[in-house]
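Q: This is the structure I want to talk about, given as structure tokens.
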Amino acid sequence: MDKGTNMVIKFNQEGHAVMVFGRREEAPDDHHYPSLSAPERPAQVDNYFNQPTDIAWDRDGNNYISDGYVNSRIAKIDKNGDWVKSWGIRGTEPGQFNTPHNIGIDASGNIYVADRANARIQVFDLEGNFKRIIKITVPPPPGKRFVLGNTPPTPPATGTMAPGAPWTICITNTQPQYLYTNDGFPGRFYKLRLPEGQVVGMFGTAGRQLGQFNWNHGIACPSENELYAADLNNWRVQKLVLHPERARPSTGGR
């Protein structure tokens, strides 16, 4: 996934590129910046992306790409690389997105989209039909501050830095399945039981020490209690081994 070049590249185990989705823009020939009055390229062109963010696969090998910061849609491409469809536009209504930032698919074929700036997870079937919304409504601890930027007097109710706004999606290959996600503020990771989306655990805080996170941008969950966190602004990957038997019960929202 290359946000900067608007491309998604598939590699084999030897590291060779075997499939490319999207295309990088041509460099200008005139060595000048384009006119501010020049018409913009139409949004949502099939087979093109504009700052894509993540990819997931169903059991038939279809690709689902969250296309992402600009186009605000989900694209479906089959296993041969042929365009199938897309859905979504920028907005706040069900089925609309404001930065679809991560995506995952459970064993039942439900698609979970981290609709980050709308502070919600949206659930769809494999054809893009809207099913429901999951909201994480756990309030932040008092006195918590942004790790970057000015901390507002009260936590934002929506937007990228709203408590519970999902930045990531990772779904475990377990039975039952769990979904892990995290927010930017207060920097927590959340464990949700699927399919209902109930918060059953949480940990972490924003910061720069071990076990703290600075705008974590990705999660891998090879097992229910082993996670790898792409701790973006701390320039590191953290391996996290969870011990739920030691944790106190927690409550959360749907």
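Q: Of the residues that sit in the range 58-104 and are acidic (Asp, Glu) and surrounded by 13 or more Cβ atoms within 10 Å (Cβ to Cβ), which one is nearest to Met7 (Cα to Cα)?
A: Asp67
Q: Of the residues that make up the range 225-240, is at least one loosely packed, with under 13 Cβ neighbours inside 10 Å, among the basic types (Lys, Arg), assigned to a loop (DSSP other than H, G, I, E, B) and free of Cβ contacts under 8 Å to residues at least 24 places away in the same chain?
A: There is no residue in the range 225-240 that is loosely packed, with under 13 Cβ neighbours inside 10 Å, among the basic types (Lys, Arg), assigned to a loop (DSSP other than H, G, I, E, B) and free of Cβ contacts under 8 Å to residues at least 24 places away in the same chain.
Q: Do you know which residues across the range 127-169 are farther than 22 Å from Gly88 by Cα and among the hydroxyl-bearing types (Ser, Thr, Tyr)?
A: The answer is Thr137, Thr151, Thr154.
Q: Which one is nearest to the chain's Cα centre (by Cα) among residues in the range 154-208 that are of a type in the set (S, T, N, Q), in a loop (DSSP other than H, G, I, E, B) and surrounded by 15 or more Cβ atoms within 10 Å (Cβ to Cβ)?
A: Thr168
Q: Residue check: is Gly95 closer than 21 Å to Ala162 by Cα and not hydroxyl-bearing (Ser, Thr, Tyr)?
A: yes
Matching residues to (1) modelled with pLDDT under 95; (2) over 21 Å from Val18 (Cβ atoms); (3) in a loop (DSSP other than H, G, I, E, B):
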| residue | (1), (2), (3) |
| --- | --- |
| Ser37 | yes, yes, yes |
| Pro42 | yes, yes, yes |
| Val45 | yes, yes, yes |
| Tyr64 | no, no, no |
| Ala75 | no, no, no |
| Thr92 | no, yes, yes |
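Q: Can you work out which of the residues in the range 123-143 that are touching a strand residue (DSSP E or B) at 6+ places or on another chain (Cβ under 7 Å) and part of a loop (DSSP other than H, G, I, E, B) is modelled with the lowest pLDDT?
A: The residue in question is Val138.
Q: A follow-up question, please. Which ones in the range 193-219 are closer than 18 Å to Arg116 by Cα, touching a Leu at 6+ places or on another chain (Cβ under 7 Å) and of a type in the set (A, V, I, L, M)?
A: Val199, Ile219
Q: Look at Thr172 and say whether it is over 23 Å from Phe97 (Cα atoms) and modelled with pLDDT of 95 or more.
A: In short, yes.
Q: Still on this structure, I have one more. Tally up the residues in the range 127-143 that are more than 16 Å from Gly197 (Cβ to Cβ) and crowded, with 17+ Cβ neighbours inside 10 Å, please.
A: Of the residues in that region, 2 qualify.
Q: Further question on the same structure: Identify, by number, the condition in (1) within 22 Å of Met1 (Cβ to Cβ); (2) over 18 Å from the mean Cα position of the chain (by Cα) that Ala107 doesn't meet.
A: (1)
Q: With the requirement that a residue be at pLDDT below 95 and in contact with a Leu (Cβ under 8 Å, 6 or more places away or on another chain), what does the range 226-251 give you?
A: Within the range 226-251, Leu242 is the sole residue that qualifies.
The values are calculated or read from the model by the stated rules, or taken from the named source; none is laboratory data. Quick caveat, the model's predicted, so the values are computed rather than measured. Reconstructed Cβ throughout: ideal geometry from the backbone, glycine too, with neighbour counts over all protein chains shown.
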